[in-house]
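In what follows, a structure is listed as structure tokens, so that the remarks can point back to it.
Just so it is clear, none of the values below were taken in a lab; they were calculated from the coordinates. From a predicted model like this one, the values you see are computed outputs, not experimental measurements. For neighbour counting, all protein chains shown are included, and Cβ atoms are generated from backbone atoms with ideal geometry for every residue, glycine included.
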Amino acid sequence: MIDPFVISKLLGELPSGVKLVAVSKFKPFESIIEAYNLGIKDFGENRPQELSQKMDRSDLDIRWHFIGHLQRNKVRSIIRKVSLIHSVDSLRLAQEIDKEAKQISLVKDCLLQVRIAREETKQGIPCDELSEIAQQITLLENIRVCGLMGMASNTQDMVQVEVEFALLRSLFENLKSTIFKNSPHFKEISSGMSSDWKIAIQNGSTIVRIGSLIFGER
């Protein structure tokens with residue numbers, strides 16, 4: 001059961017211009033409807049099959065976001081369904097999205113996922129390769145890069161978390177002033193989850209991805 005007070009407080013604390021994506025992965029569809037009825041319109045999923053199943057049950061004006069690691073062979077199954085892909089973590093994946101989007105005459109909005117955490121298990125483009133890969137992706141006609149996504153280390157050290165979010169913001173600002181200086185759509189930083197979203201916003205986040213605060217622990 002979702003607590004309406006928690007949702008109201010969370011939405012009230014978000015600054016203007018910051019979007020809340022409710023991370024609904026592994027949660028029942030009934031919980032999504034509860035959250036929707038309390039004012040949340042954006043939901044994030046990380047498995048193509050689960051995303052499809054939930055979408056098939058809804059005729060609501062929900063904006064779906066794909067936030068997990070995306071395999072190239074799954075691109076076709078989600079490309080029509082999501083408003084934003086947060087997790088483009090390689091040139092090869094970007095090329096696959098571009099190919100599939102071209103076949104259906106679509107320009108797909110995406111974020112480049114950058115590995116800002118110290119943890120080797122985290123996905124993402126290495127920071128020192130970001131500019132080169134971003135430059136190559138700009139040559140693709142059916143993918144539109146709208147910003148960056150990053151996940152901080154899973155740690156209680158909020159100083160480290162802040163350093164990592166500050167790094168993501170610095171990388172964003174560098175690309176914004178160079179490769180994407182003539183791209184008005186390059187404006188999003190997707191960072192911050194239930195434990196660190198306030199720190200993320202202080203470091204430029206425009207999209208926060210929050211699960212357990214809304215739906216409870218898995």
Quiz item: Where does the chain land at 222 nm, in deg cm²/dmol rounded to the nearest 500, when only DSSP H runs of n ≥ 4 count, each adding -39500 (n - 2.57), divided by all residues?
Solution: -11000 deg cm²/dmol
Quiz prompt | Spin-label model distance (nm) - S105 vs M1, 7 Å beyond Cα toward Cβ | solution = 5.1 nm
Quiz item: If packing is taken as the mean number of other Cβ atoms within 10 Å per residue, what is the order of 160-167, 32-39, highest first?
Solution: 160-167, 32-39
Practice problem: Taking the Cβ of I40 as the centre, find all other residues whose Cβ is under 15 Å away and add up their charges (Lys, Arg: +1; Asp, Glu: -1). | Solution: +1
Practice problem: Starting from the Cα of R144, move 7 Å in the Cα-to-Cβ direction to define the label point; list residues of the range 89-112 whose amide nitrogen is under 19 Å from there. | Solution: 94-112
Exercise. Mind ranking 135-142, 93-100 by how tightly packed they are, going by the mean number of other C-beta atoms within 10 angstrom, highest first?
Key: 93-100, 135-142
Quiz prompt | Top of C146, C110, C127 by mean-square fluctuation, Gaussian network on the chain, Cα under 10 Å | solution = C127
Quiz item: Given springs between every Cα pair under 10 Å in a Gaussian network model of the chain, which of Q103, Q113, Q49 has the largest fluctuation?
Solution: Q103
Exercise. Specify the residue with the greatest mean-square fluctuation among P48, P184, P126, computed from a Gaussian network of the chain linking alpha-carbon atoms under 10 Å apart.
Key: P184
Exercise. Would you tally the net charge around Q113, using a Cβ to Cβ cut-off of less than 10 Å, leaving Q113 out, and scoring K and R as +1, D and E as -1?
Key: +1
